Amino acid sequence: MAKSEAYRVDLSSLEQVVKDLNGILKQLAGADSSAKYKTTLSPTALGTAANGVNFAEADKMTKAHAVMKRHIEEIVEHLNEVMDQYGKKTKRAHGAYQDQDADIVGAMRGR
């Protein structure tokens, strides 16, 4: 392998990674919204006893649902953060390599 090939970076592949990450972030935004707003369970959804008093099992299930809902929201939030950070770093790396390529081409042309 020639020395110049040892450090070759495929900028189009980095661009594709950034595009793919943006697509994933869009999908995660939908998951985030669903986790927050489409998974609600009202306190009376699992039934009530006479005089509007909830069954003990219904209360336990409603509380368990709330705990799980929050965990899912936290997981989706973490995934959003990780993907966003990775996307930003990939974009910066792409820009740095692109700038370096431009500098090298300019130097070779005597600019």
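The values are calculated or read from the model by the stated rules, or taken from the named source; none is laboratory data. Remember, predicted model here, so these are calculated numbers, not experimental data. So basically every Cβ, Gly included, is an ideal-geometry build from the backbone, and we count neighbours across all protein chains shown. SASA here: full protein model, heavy atoms, side chains in, ligands and nucleic acids out. Shrake-Rupley method; radii C 1.70, N 1.55, O 1.52, S 1.80 Å.
Condition check: more than 13 Å from the chain's Cα centre (by Cα), open to solvent by less than 60 Å² (accessible area, probe 1.4 Å) and more than 25 Å from A45 (Cα to Cα). Does G110 satisfy that?
Against the criterion (more than 13 Å from the chain's Cα centre (by Cα), open to solvent by less than 60 Å² (accessible area, probe 1.4 Å) and more than 25 Å from A45 (Cα to Cα)), G110 does not qualify.
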Of the residues that sit in the stretch 57-96 and are open to solvent by 90 Å² or more (accessible area, probe 1.4 Å) and in contact with a helix residue (DSSP H, G or I) (Cβ under 8 Å, 6 or more places away or on another chain), which one is farthest from G47 (Cα to Cα)?
K91
